[in-house]
Structure formats: C-alpha cells, structure tokens
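None of the figures in this text is laboratory data; all of them are computed from the coordinates on show. Just so we're clear, the structure is a prediction, and the values are computed from it rather than from any experiment. Note: ideal-geometry Cβ built from the backbone for every residue, glycine included; neighbour counts use all protein chains shown.
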C-alpha cells in the first residue's frame, strides 16, 4: 500500500476492493474508527445552502438514537435535469426515503455509502443493520453529481470515469438492491472512422459493422476531413445514430482520429479505415479475445486483413529500426561495424494462431482506451503513415510489458488506399511515406537521425 502525502492523505492500494474497502482493509479501519468517522462516495456534494453544522447535527442524532448506526444527508431530487433519461426512475426510487420521520423531523431511511457519519468501530457492512440510518431533512441536503451528468456532453474526466468504473466501485453500473443502471447503454467500444471523399466505402463499412457486430455495445464516430462528395450529410441521413464530426479541413489521419477520440466513451477504441468492411463478426471476436484474462497484457489488437478477393493483405508491421537503415545505406561508412554487423534479418511471421507483432496496421487498430488516456492519441505532426507505429512505440515505452497481437481467426477486408488518389508506386506516395518515417526517427531518436533518413530517401526516390 502506497501512501501519498499531499494536502490530504491518499492511500493507493494494489487491489480494487470496491465500495467496502474501508471494512475489508482492517489496517485502514483500525486507524480511523477509534472515534466517529465519515465515509462518502466521491460524487456527493453538499448543497450551497447546507448549514455548516451538519456534522454536529448528525452526531446529535447518533447520540439520541442508539439503534441507528449512521446519519447522513438527504439527497436533493427536485432539480434533476430533464436530459437525465432516468429521471422518473430516480424520483420513484428516492421517494422511498422521504416517508417516515423521527421526532426531530429527520427521515428514518437507509444509507449505503453516500456521505454519512458512523459510530466508532462499526465494522461489518454485511450485517443486516448496516443500512439502519437517518437522513437529515432539508436544508441538510447534498447532490448526487452522477445524476447531473449530460451523457451527450461529457468532460474528459467524466468520460474516463464512466468508461472505467466497475460494479463494485460505483453505482453507475449497478442494478442490485434497487440501484439504477443509469449508464447501462454506455458503449464498450468506440469505432472511429476518418472520412475523406470515400462516401460509398464509408457507408458500406458502417453497414457491415452494424450487420455483423451484435454481442457488444458500441458507438460509431465519423470524422470528415472536408470531403467534397457530401459524405457527412449522407452518413447522417442513413445512420442517424452515428456521431459525426466535421473537421473543416483535411487535417490528416492522426489529427482527425484525435478529434473522434475526444468524443469516444468506450473502454476500447477501434480506429477503422473507411476502406475496410466485415464479412463476419470479426469485431465481436476481437473484443472477446481482449476481454480474456490471458490477454490482459495486449495493448493493441488487430484482425487478419485480406484483400476483397481473399488474398493476403498487410495486417501488421515492423517498428522502424535505425541500425537496419544505417546498414543498408552509405551512412554505414560513418559508423562502427559493431553498430550494425550483429543485426539479424527481420520479418513478420504469419501464423494461424494469435501471434505478437511490432505494431498493428492502422486500418484496424484496436486499443485499450485507458492506455490512450495516459499516453495520448496520435501525434499531430504526422499527416499520413507511421502514426500508428509512433503511437505503439509510445505505449511500449510507458508500458514495457504490453504487446500488440494479431488474431488471425478473425478477418477484415481491407481494400487499401480507399481515400488516396496516389498510386503506391508513385514517387509522391513514396515521398510521403519517407517524410513520415523521417518524422518517426526525429521523434523517437532526434533531429539528426530524422534528417539523415530524409535526405537518403530523397536521393533514392528522385535520383
């Protein structure tokens, strides 16, 4: 157990014990329960007009009523916003706690782990009398902040909390004991497309996702890079449930994906190219694998990519290796042979069982959102190509025990270059790739290495 001494004392535990942590962890319990103590959920906030003597009043109720184990606030319910689609359910449930009063006009009503003052050494929440409590009458009121969250306008903090909470640590996902599953429709997966003049491809891809993805909850976010083919309007008309974002300009693949990432609410994010489509439940399958305990170390996953005729397509790649570049260029004469002579040939193994790779293709890049929350999204300096390899490099640097994997039992069709009018054999295409690879080296190694790769590539392409 790590103790952080800041303005307040924070205990950082190695295990999530849920809402009963204070009673389960006897070491914590023994420190703070020799006298009266308060336990509260993190989303309980006293109302502005709540008198400051609330603890004194709570204490007086505990003294007067020895059969009661805790005293807390009443929860304000007369200002729950209309955008909360469960408002009527909440009002109906909370009405149970406003019916029976004691002699002082306070309410004899259950309290779970919302703000309450407890008697010394009250220890076991499994006792039947754990909920035996008094809720103070107004103006001793507090707000349950979760009821005021607008699901269509989440802050970054709210999105992270809702996406990562579990049944034990939050009421958000609970349905037991009368609690309300307000966020039961929160998606497990956010699928992000970047569209640029790919109207027909994008619509076909979205349709295939809805057709074959049935076992998980998901949302689709489309970021349009100022297409001229009416993509966004057509998508909104055919799929009104899709979240559409207009970038205003062609800002590139990575930056556009980051716009979608800002809206993503899922625990996982799938960056999916518009020139891909499903012919089977591949996304369901990938999510099934990522949820397995044995794959909890997998940061990024991808399916086996094929061409429309079923033939091989690139599913993964090797992270750029500067020593290999040096060995194959005239720069080797400026380096000691020890720098590159011991290098072994590199290749991507293609297997029938799940296998590890350096990085997964950006065409179907499935990543745990909690990792993106820590390392960030795609680097905005990339316009096209190599952004997924740089992001993967960053994930490995922050989480060295995590890996990327291809699950070849699941297949996704990738047409390739759906939004590009440039041939992969053209000099313009090769130069764009070279610039992106040079940027990768500049970010991961330094300006000199990036410049060395750039001028070498220019000579190779244009000489």
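Between the Cα long axis of helix 387-398 and the first principal axis of the chain there is an angle of about 50°, rounded to the nearest 10. Compute the helix-to-body angle for 427-444: its Cα long axis versus the longest principal axis of the chain, expressed 0 to 90° and rounded to tens. Here the helix axis deviates by roughly 50 degrees. Taking each DSSP H run with n ≥ 4 as -39500 (n - 2.57) and averaging over every residue of the chain yields -9000 deg cm²/dmol at 222 nm. Compared with the dominant principal axis of the Cα atoms in the chain, helix 447-462 is inclined by about 40°. Rg of the Cα atoms in the range 422-463, relative to 2.2 N^0.38 Å, amounts to 1.15.
Remark: the range 310-420 is approximated by an ellipsoid whose semi-axes, taken from the C-alpha gyration tensor as √(5λ), come to 27, 19, 16 Å, largest first.
Calculated FRET efficiency, residue 9 and residue 246, Cβ-Cβ r, R0 51 Å, to nearest 0.05?
0.60
Between residue 262 and residue 26, the distance separating the two model label sites (each 7 Å from Cα on the Cα→Cβ line) works out to 5.2 nm.
Test of understanding: what is the full-extension gain from residue 455 to residue 150, defined as 0.36 nm times their sequence separation minus their Cα-Cα distance? Don't skip to the answer; put the middle values down first.
Numbers: separation 305, 0.36 × 305 = 109.80 nm, distance 5.13 nm.
Stretched out fully, the residue 455 to residue 150 stretch lengthens by 104.7 nm.
Multiplying the residue separation of residue 16 and residue 321 by 0.36 nm and subtracting their alpha-carbon distance yields 105.8 nm. Taking 0.36 nm per residue of separation and subtracting the Cα-Cα distance, full extension of the segment from residue 67 to residue 399 would add 114.4 nm. The alpha-carbon atoms of the chain define a convex hull whose volume equals 194 cubic angstrom per residue. Need one number: nm distance between label points at residue 83 and residue 447, each 7 Å from Cα along Cα→Cβ, rounded to one decimal. Simple spin-label model gives 4.5 nm for this pair.
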